[in-house]
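*Asks:* Mind looking over this structure? Questions follow.
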Amino acid sequence: IVKIGIIGTGFRGQNHIDILLNRQDVVIVAFADPDEKMLAAAQNLLKKAGRAAAIEYKNGNEDYKNLLKRTDIDAVIIATPWEWHTPMAVYAMESGKHAAVEVPAARTLEECWQLVETSESTKKHCMQLENCCYDFFELMTLKMAREGFFGDVVHVEGAYIHDLVWLNFDKDKGYQGMWRLEENFRNGNLYPTHGLGPICQILNINRGDQMDYLTSLSSNDFQMQKKAKELAQQDSFWNGYAEKSYRGNMNTTVVKTKLGKSIVIQHDVTSPRPYSRLHVVSGTEGYAQKYPEQKVAKGHSWMKEEEMKALR
């Protein structure tokens with residue numbers, strides 16, 4: 001039996017609870033969250049599944065540390081605002097717990113090193129919960145790459161392109177304390193791993209190849225501050241946000257690996273365009289793309305649907 005603690009019982013945390021409740025070899029021991037409304041929703045999931053209620057740690061933002069002092073928890077899932085991901089994961093590992101952390105697991109290079117060094121020194125696992133690595137097409141192209149379908153993989157692309165302006169500026173349906181909107185005061189690719197995770201697996205990054213250097217470029221912000229100023233005319237709540245500088249609409253980062261492969265990663269969560277994570281794999285013998293349609297080519301021609309069916 002694996003005994004789990006959940007730090008952060010918001011919508012993403014509740015999603016994890018739903019998944020864990022499918023397993024009979026998992027016991028959810030405790031929750032930590034200062035939001036009593038979310039705690040109640042999480043407890044209701046346990047009740048509906050016929051499970052025992054979890055012990056609650058809800059006395060402010062630091063009460064998660066008391067959860068981590070428990071001796072009856074093997075691992076924790078961390079589904080909190082981004083700024084808490086690294087400090088909570090580090091504290092968990094130092095407390096003898098394995099840590100599973102929502103994306104992005106870290107916000108700075110220094111935080112990345114903290115996670116690596118703490119995991120190595122404590123001998124505790126630290127896993128970033130990058131769900132997009134496990135989507136069907138991504139797993140299919142990973143298997144194809146390992147079986148040599150693409151020949152030598154030369155170039156890959158990934159992205160997070162998702163129009164989230166409405167959600168970032170929604171006081172009721174958005175993120176507690178507007179934390180997600182405030183992350184957008186930083187410029188660059190704020191959310192790289194949805195696109196990057198699957199293609200890093202295909203390129204064997206840190207398992208034979210390694211990222212060597214990158215260049216990153218952002219457009220100007222053409223929408224975020226404009227939206228904040230429009231809202232401020234109707235509601236003084238937005239006055240402070242109207243004066244802030246926001247990240248550019250589109251960030252494009254180009255990476256070269258030690259073995260000479262190239263990677264393109266993009267991030268745009270404001271422009272009105274269809275959702276895409278790109279997921280392009282280009283090799284010396286084959287090609288695949290997931291968006292806007294799942295297609296595979298050998299040579300210059302797309303596979304016909306019957307061939308695709310057989311391939312899947």
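*Asks:* Looking at Lys65, is it open to solvent by 70 Å² or more (accessible area, probe 1.4 Å), among the charged types (D, E, K, R) and at pLDDT 95 or above?
*Replies:* It is false that Lys65 is open to solvent by 70 Å² or more (accessible area, probe 1.4 Å), among the charged types (D, E, K, R) and at pLDDT 95 or above.
*Asks:* Considering only residues that are outside any loop (DSSP other than H, G, I, E, B) and small (Gly, Ala, Ser), look in the range 288-310 and name the one that is surrounded by the fewest Cβ atoms within 10 Å (Cβ to Cβ).
*Replies:* Per the criteria, the residue is Ser301.
One line per residue, one yes/no per condition, for (1) open to solvent by 70 Å² or more (accessible area, probe 1.4 Å); (2) in contact (Cβ under 8 Å) with a residue 24 or more places away in the chain; (3) under 26 Å from Ala79 (Cα atoms):
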| position | (1), (2), (3) |
| --- | --- |
| Tyr160 | no, yes, yes |
| Asp163 | no, yes, yes |
| Leu167 | no, no, yes |
| Tyr175 | no, yes, yes |
| Trp179 | no, yes, yes |
| Glu183 | no, yes, yes |
| Asn206 | yes, no, yes |
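*Asks:* In the range 208-232, what residues are open to solvent by 80 Å² or more (accessible area, probe 1.4 Å), in a helix (DSSP H, G or I) and not acidic (Asp, Glu)?
*Replies:* Lys226, Lys229, listed by residue number.
*Asks:* Just to be sure before I move on: is Gly148 within 24 Å of Thr270 (Cα to Cα) and of a type outside the set (A, V, I, L, M) in the structure I sent?
*Replies:* No; evaluated as a whole, the condition is false for this residue.
*Asks:* Tally time: how many residues in the range 185-204 are under 22 Å from Arg107 (Cβ atoms) and open to solvent by 30 Å² or more (accessible area, probe 1.4 Å)?
*Replies:* Matching residues across the range 185-204 total 5.
*Asks:* Would it be correct to say that Lys244 is in contact with a helix residue (DSSP H, G or I) (Cβ under 8 Å, 6 or more places away or on another chain), farther than 22 Å from Arg207 by Cβ and not in a loop (DSSP other than H, G, I, E, B)?
*Replies:* In short, no.
*Asks:* Being farther than 18 Å from Pro34 by Cα and under 14 Å from the mean Cα position of the chain (by Cα) is the filter here, so list the residues in the range 84-101 that pass it.
*Replies:* Thr86, Ala100, Val101
*Asks:* Just give me the residues in the range 9-27 being within 14 Å of Ala54 (Cα to Cα), in a helix (DSSP H, G or I) and aliphatic (A, V, I, L, M), in sequence order.
*Replies:* Ile17, Leu20 - these are the residues of the range 9-27 that are within 14 Å of Ala54 (Cα to Cα), in a helix (DSSP H, G or I) and aliphatic (A, V, I, L, M).
*Asks:* Sticking with this one: Restricting the search to the range 253-271, which residues are over 18 Å from the mean Cα position of the chain (by Cα) and either in a strand (DSSP E or B) or of a type in the set (Phe, Trp, Tyr) (or both)?
*Replies:* Result: Val254, Val255, Lys256, Thr257, Ser262, Ile263.
*Asks:* Take Gln210 and tell me if it is touching a helix residue (DSSP H, G or I) at 6+ places or on another chain (Cβ under 7 Å) and of a type in the set (S, T, N, Q).
*Replies:* For Gln210, the condition - touching a helix residue (DSSP H, G or I) at 6+ places or on another chain (Cβ under 7 Å) and of a type in the set (S, T, N, Q) - is not met.
*Asks:* Starting from the range 274-285, keep only residues that are open to solvent by 30 Å² or more (accessible area, probe 1.4 Å), then list their pairs with residues that are assigned to a strand (DSSP E or B) whose Cβ atoms are within a distance under 6 Å, requiring at least 6 positions of separation or different chains.
*Replies:* These pairs meet every condition: Leu278/Glu157; Leu278/Gly158; Leu278/Ala159; Ser282/Val154; Ser282/His155.
The values are calculated or read from the model by the stated rules, or taken from the named source; none is laboratory data. Because the structure is a prediction, the values reported are computed rather than measured. Cβ sites come from the backbone with ideal geometry, for glycine too, and all protein chains shown count toward neighbours. Protein only, heavy atoms only, side chains kept; ligands, DNA and RNA dropped before computing areas. Shrake-Rupley method; radii C 1.70, N 1.55, O 1.52, S 1.80 Å.
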